[in-house]
Amino acid sequence: MLIPAILLSGSCTPKGEPRFRDIEEMRPERKPTNLELIRQEGVLRVLTEYNSTSYFLYRGQPLGFQFEMLQELANHMDLALEVVVSNDLERNFLDLQQGRVDLIAMNLTVTSQRKQNVAFTEPLLQTRQVLVQRKPLNWEKMNNVQLEASLIRNQLDLAGKMVYVQAGSVYESRLRSLSNEIGGGIVIREVNLDSERLIQRVALEEIDYSVCDENVGLVNTTYYPQLDVGTAISFPQYVAWAVHPHSDSLLKVINQWITEFRNTDQYAILYHKYFTNRHVYRSIHSEFYTLGSGKISPFDEAIKKESERIGWDWRLLASLIYQESRFNPDAVSWAGAFGLMQLMPITAKSYGITEKSSPEEQIRAGASFIRWLDERLVKVIDDPEERIKFVLASYNIGLGHIQDARRLAERYDSDPNVWFDSVDQWLLKKSEPEYYTDQVVRHGFARGVETYNFVRDIIDRYEHYKNIVNSDIIASW
């Protein structure tokens with residue numbers, strides 16, 4: 001399974017807000033040994049995976065152990081972070097070999113076979129491979145002796161059993177070795193599903209057995225208490241990241257950081273958050289856990305309906321609503337803006353809503369305001385993708401200030417119909433007397449930095465939503 005790729009920059013990095021791009025649109029290959037070139041470009045390009053510990057969305061916000069670690073690494077290196085998200089192991093290793101990415105940041109088990117093709121970093125943690133199996137239907141009424149007797153605890157008992165594993169994973173090679181060790185008989189089925197999808201299949205009684213890393217298995221038993229992951233099929237193994245085998249200088253920098261970061265309280269907090277805090281795990285496996293539910297918010301149906309009415313992708317409107325209110329229909333700002341769409345009272349009144357209006361009415365009013373803005377900008381900005389950015393900016397700061405920034409751009413030989421690195425820069429300058437007193441400016445001073453970040457945040461989150469809330473994520477056999 002190749003999950004659609006996304007590209008982002010760590011929002012905490014000094015290199016600016018996230019940018020997104022599909023892996024096919026990434027820059028050409030570069031020599032993997034050239035750390036100096038990476039620093040010149042200011043970008044660290046990384047691959048990670050979708051699952052409930054590495055990277056996921058919760059309540060509309062990206063989270064994950066690998067995701068947060070990568071942000072910390074990018075900050076340390078003073079680089080922007082570009083992350084391609086894919087669960088296709090074969091493709092991921094190929095992209096690393098071809099220099100399309102600099103680092104694979106997944107739960108990669110360190111093996112001698114893999115060492116022939118990649119260079120592993122210092123280990124991030126230690127785990128072992130375990131069998132995923134289901135407890136009997138009446139397991140809650142059993143005592144420990146009865147329960148243990150009903151489960152596979154001796155690896156010899158795997159003979160004749162069919163075990164499903166992710167294609168190309170270390171689980172497949174370990175099972176083949178184990179099958180040889182016990183005299184054969186384990187039926188190994190390789191499928192294009194990652195270990196967490198297979199864990200779910202076992203829990204739902206679609207298959208009987210799979211294999212995963214113990215730490216991931218223990219986390220999943222919190223959500224699926226009917227599962228057992230107590231039977232080890234390997235010795236403890238290190239989990240690490242991987243770089244190109246010739247990336248010596250990059251590997252050295254990353255290793256120094258990992259060695260130091262692993263001993264910090266911050267690392268301990270991150271590890272606890274994703275691997276040992278079962279309350280957190282139960283919380284994310286709710287209707288707000290997008291990878292499991294396919295939902296972004298409790299208001300998805302209303303968002304879809306209104307987005308269709310105004311011709312927007314519903315995930316873009318959802319990103320705007322998250323930015324405005326974090327999906328809280330009772331939110332009220334210091335300036336008096338209220339509701340899911342954070343409309344100011346005067347604007348809200350013109351669309352017939354108040355603070356007591358339903359979430360559906362709030363979304364409808366906000367969508368109508370978006371359409372009103374679009375109708376005025378369509379006359380001057382033909383490109384629909386560019387116009388969306390201008391609509392978002394106008395929604396935040398007002399159409400008048402955006403028109404001022406467009407006039408400044410035109411006056412100083414920038415493109416008035418391109419947002420990023422053109423009009424957005426002139427909006428920032430509207431806080432400087434030299435520019436807000438310019439003869440082409442009609443609406444005076446504007447604190448443009450909030451709008452500058454507003455547009456980038458929404459577009460970037462939209463890319464998260466597009467790639468996670470996607471039918472391809474729910475793979476078939």
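Of note:
- Tally, over the stretch 325-337, of residues that are over 17 Å from Ile303 (Cα atoms) and surrounded by 13 or more Cβ atoms within 10 Å (Cβ to Cβ): 4
- Number of positions in the stretch 83-116 that are within 17 Å of the chain's Cα centre (by Cα) and over 21 Å from Asn255 (Cβ atoms): 5
- Within the stretch 111-125, the residues that satisfy the criterion of being under 21 Å from Ala167 (Cβ atoms), assigned to a loop (DSSP other than H, G, I, E, B) and touching a helix residue (DSSP H, G or I) at 6+ places or on another chain (Cβ under 8 Å) are Thr111, Asn117, Val118.
- With respect to (1) part of a helix (DSSP H, G or I); (2) surrounded by 21 or more Cβ atoms within 10 Å (Cβ to Cβ), the lone exception for Arg387 is condition (2).
- Condition check for Asn143 on (1) modelled with pLDDT under 95; (2) surrounded by 14 or more Cβ atoms within 10 Å (Cβ to Cβ): one failure, at (2).
- Evaluation of Gly160 against (1) part of a helix (DSSP H, G or I); (2) in contact with a strand residue (DSSP E or B) (Cβ under 8 Å, 6 or more places away or on another chain); (3) not charged (D, E, K, R) (one fails), failing number: (1)
- Matching residues in the stretch 146-175 - criterion: being more than 26 Å from Tyr50 (Cα to Cα) and among the charged types (D, E, K, R): Glu148, Arg153, Asp157, Lys161
Okay, residues lined up against (1) more than 18 Å from Phe275 (Cβ to Cβ); (2) modelled with pLDDT under 95:
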residue: Ser195; (1), (2): no, yes
residue: Arg201; (1), (2): yes, yes
residue: Thr222; (1), (2): no, yes
residue: Thr231; (1), (2): yes, no
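- Criterion applied to Tyr322, Tyr351 was being in contact with a Lys or Arg (Cβ under 9 Å, 6 or more places away or on another chain) and either surrounded by fewer than 19 Cβ atoms within 10 Å (Cβ to Cβ) or without any contact (Cβ under 8 Å) to a residue 60 or more places away in the chain (or both), and the one residue passing it is Tyr351.
- Scanning the stretch 388-409 for residues that are without any contact (Cβ under 8 Å) to a residue 24 or more places away in the chain and either more than 28 Å from Asp313 (Cα to Cα) or of a type in the set (D, E, K, R) (or both) turns up just one, Ala409.
- Flag not set for Val418, criterion: within 30 Å of Val84 (Cα to Cα), crowded, with 22+ Cβ neighbours inside 10 Å and at pLDDT 90 or above.
- Within the stretch 90-113, the residues that satisfy the criterion of being surrounded by fewer than 19 Cβ atoms within 10 Å (Cβ to Cβ), hydrophobic (A, V, I, L, M, F, W, C) and in contact (Cβ under 8 Å) with a residue 12 or more places away in the chain are Phe93, Val110.
- Evaluating Lys356 against the criteria (1) touching a Pro at 6+ places or on another chain (Cβ under 6 Å); (2) more than 28 Å from Tyr435 (Cβ to Cβ) leaves one unmet condition, (1).
- Val130 meets the conditions (1) β-branched (Val, Ile, Thr); (2) within 23 Å of Val253 (Cα to Cα); (3) assigned to a strand (DSSP E or B) in every case but one. The failed one is (2).
- Number of residues in the stretch 390-406 that are surrounded by fewer than 18 Cβ atoms within 10 Å (Cβ to Cβ) and not in a loop (DSSP other than H, G, I, E, B): the value is 2.
- Flag if Ile152 is surrounded by 13 or more Cβ atoms within 10 Å (Cβ to Cβ), β-branched (Val, Ile, Thr), assigned by TED's automatic domain parsing to the domain that holds Asn215 and on the phi < 0 side of the Ramachandran plot: yes
- Count of residues meeting criterion [more than 25 Å from Thr127 (Cβ to Cβ) and in a loop (DSSP other than H, G, I, E, B)] in the stretch 61-110: 5
- Applying the criterion of being over 25 Å from the mean Cα position of the chain (by Cα), crowded, with 21+ Cβ neighbours inside 10 Å and among the hydrophobic types (A, V, I, L, M, F, W, C) to the residues of the stretch 158-177, the residue that is farthest from Gln133 (Cα to Cα) is Leu175.
The values are calculated or read from the model by the stated rules, or taken from the named source; none is laboratory data. These figures come from a predicted structure and were not determined experimentally. Counting neighbours? That spans all protein chains shown, and the Cβs are built from the backbone with ideal geometry, glycine included.
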